[in-house]
Amino acid sequence: PDDVLILLNGTRYHNGAEYFGGFLKGTLGKGAVVNDLNSIPFSAIEKVEILRDGASAQYGSDAIAGVINIRLKETTGKTSIRLHTGQYYAGDGEKFSFGVNRGFSLGKKGFVNFSADYRYQLPVYRGGLYQGTVYTPYPGNASHSDSIHVRATDDSIINAGDFDRKSVLGNAGTLKIVRAGALMNGGYTLGNQTEVFWTAAVNKRNNFR
């Protein structure tokens, strides 16, 4: 994740460390320095420019795998609303997202554009269940009745604790996500060769196992 450079309007987008909370689902590149693309409201995006070749000579080692430049909307006097919902064919992963965008002009020299998004997504898991014992191993010379007793004992310990058989077999799935965010993009021309621009964003995101 930290080998692709993310730009926002041609400027490096702020990044942070990928926190590893001990669960496997939905976590790729744990401990890496990453960009959270979900923190950019979809309703704020005008277009996405992708440089698939490595660009380390121009941008540094964090652009080994390529560069993604996200251009934000600069429109004024228009309101756009986006609504998306769906789920996977297996009947899980239900998702709902809603976004709104509105731009305002600052005289004839500038603009300010506001966007806000809300996203709700239920979990998905494709890794299967671990069917072996966890706390009580089978004896080497166990009979069929002994094996049944060992499995029943192990299952009772599992049921009394918080062990999840889905958490063993890998990273095949996603977490439940509830996220809301807003972004403001703007610019103003001060002279023939001077222009100021600004981008501000605020997000709240909760992940659940």
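Criterion first (of a type outside the set (A, V, I, L, M), free of Cβ contacts under 8 Å to residues at least 40 places away in the same chain and in contact with a Lys or Arg (Cβ under 6 Å, 6 or more places away or on another chain)) does T79 satisfy it?
Judged against the criteria, T79 is a match.
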Notebook entry, point to check: Has region 154-166 got at least one residue that is surrounded by 13 or more Cβ atoms within 10 Å (Cβ to Cβ) and among the polar types (S, T, N, Q)?
Noted result: no
Notebook entry, point to check: Out of the residues in region 109-138 that are of a type in the set (V, I, T) and under 29 Å from D162 (Cα atoms), which is surrounded by the fewest Cβ atoms within 10 Å (Cβ to Cβ)?
Noted result: V134
Check: Is at least one residue of region 65-88 at pLDDT below 90 and open to solvent by 80 Å² or more (accessible area, probe 1.4 Å)?
Finding: no
Note to self: Which condition from (1) surrounded by 15 or more Cβ atoms within 10 Å (Cβ to Cβ); (2) touching a residue at least 60 places away in the same chain (Cβ under 8 Å) is the one that L106 breaks?
What the structure shows: (1)
Next item on the list: Output the qualifying pairs, or none if there are none: Cβ atoms under 6 angstrom, residues six or more apart or on different chains, first residue in region 191-209 and more than 30 Å from F163 (Cα to Cα), second residue open to solvent by less than 70 Å² (accessible area, probe 1.4 Å) and at pLDDT below 90.
Entry: N203/S39
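Results for (1) in a helix (DSSP H, G or I); (2) among the hydroxyl-bearing types (S, T, Y); (3) modelled with pLDDT of 90 or more, shown as yes or no for each residue.
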site: F111; (1), (2), (3): no, no, yes
site: L129; (1), (2), (3): no, no, no
site: H149; (1), (2), (3): yes, no, no
site: L169; (1), (2), (3): no, no, no
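The values are calculated or read from the model by the stated rules, or taken from the named source; none is laboratory data. Fair warning: this is a prediction, and the values are worked out from it, not measured in the lab. Positions of Cβ are backbone-derived with ideal geometry, glycine not excepted, and every protein chain shown enters the neighbour counts. Heads up: the accessible areas ignore ligands, DNA and RNA and are worked out on the full protein's heavy atoms, side chains in. Shrake-Rupley method; radii C 1.70, N 1.55, O 1.52, S 1.80 Å.
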